[in-house]
Amino acid sequence: MNGLVLEGGAMRGLFSAGVIDEMMAAGVLPDGIIGVSAGAAFGCNMKSGQQGRAIRYNKRFARDSRYCSVRSLLFTGDLFGAAYAYHYVPEHLDIFDKQAFQQSPMAYYVVCTDVETGEAVYRQLTRVDYDGLEWMRASASMPLCSRIVRLDGRKLLDGGVADSIPLRAFQQMGYRRNIVVLTQPEGYRKRKLGLLPLMRVAYRRYPAFVEAMARRHEMYNAQLDYVAAEEQAGRALVVRPPQALPIGHISHDPDEMERVYQIGRDTGRQKIAEMKQFFNLR
């Protein structure tokens, strides 16, 4: 089966959104998608067939304090408003096509981190009901910026802590040929987390999660090496930005968002022929 692997990166994920929209426009559709953090939050639009939705709503609500703000963090405990951004927006303001998502034969998985074990949790979503939206929120809930999300008896946060680039996990699920969309340029290596002392205090009740955060740079860099080896072996096709993306984890600038999204579209457009050949599409 053909798969699409989407790493996170907060607002760098708008690069991935641009790549996804080019794939949809060209009819390059995988059998399954696995997304982490922003990759999970934006990648769902491919299964629902909603080209352009991710950039549209992010630009529209860029300066809405209910969507993303320090005010939201202080008053709700979530930088990205849990109720507003993950429920009210998709259900009332920029409507997510739940029916199209459910009817699509494309499989869709999100990755979260269990804070009690420090291990990755892989969840297939077949519908986007309240719990489905909560699984996406959990996957994208950055430590220190989000409350722990409680679902199915688990305590969950950002999937990127435990499995930032879940290529190996997707291969084990049966997806043998995978397009991997990264949000960092070639040559990037993650450094040890500078906020680790604060993490140890904030998550002192969850030592396995703290340990996963402490080792995250090692895990991520090992995954980059694995992706490179799989690409060399012909089992993966990597799409990455040509240079460091001009955006931070958070942005309130619609023009900045649009620039990153267009870099994704341009990069995706240049890769379409290669993607079609890789997926054996005509």
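The values are calculated or read from the model by the stated rules, or taken from the named source; none is laboratory data. None of the values given here were measured: they were computed from a predicted structure. Cβ coordinates were reconstructed from backbone atoms using ideal geometry, including for glycine residues, and neighbour counts include every protein chain displayed. SASA here: full protein model, heavy atoms, side chains in, ligands and nucleic acids out. Shrake-Rupley method; radii C 1.70, N 1.55, O 1.52, S 1.80 Å.
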Over the chain, with a Gaussian network built from C-alpha contacts below 10 Å, which listed residue (Asp163, Asp64, Asp152) shows the highest mean-square fluctuation? Asp152
Cross-link partners of Lys192 among aspartates and glutamates (Cα-Cα below 15 Å; sequence separation of 8 or more within a chain): Glu211, Glu218
What percentage of the solvent-accessible surface of the chain, computed with a 1.4 Å probe over protein heavy atoms, is contributed by carbon and sulfur atoms? 48
Lys, Arg +1 and Asp, Glu -1 on Cβ, resulting dipole of the chain about Cα centre, debye, nearest 20: 260
Excluding residues fewer than 8 positions from Lys59 in its own chain, the lysines with Cα under 23 Å of it are Lys47, Lys98
With every protein chain left in place and a probe of 1.4 Å, what is the accessible surface of Met23, to the nearest 10 Å²? 0
I want the local charge near Trp135. Using Cβ-Cβ distances under 12 Å, sum +1 for each Lys or Arg and -1 for each Asp or Glu among the other residues. +1
When the solvent-accessible surface of protein heavy atoms is calculated with a 1.4 angstrom probe, in what order do Lys190, Lys98 fall, highest first? Lys98, Lys190
Just to be sure I understand: of the beta bridges DSSP finds with both ends in the chain, what percent are antiparallel, rounded to 5? 40
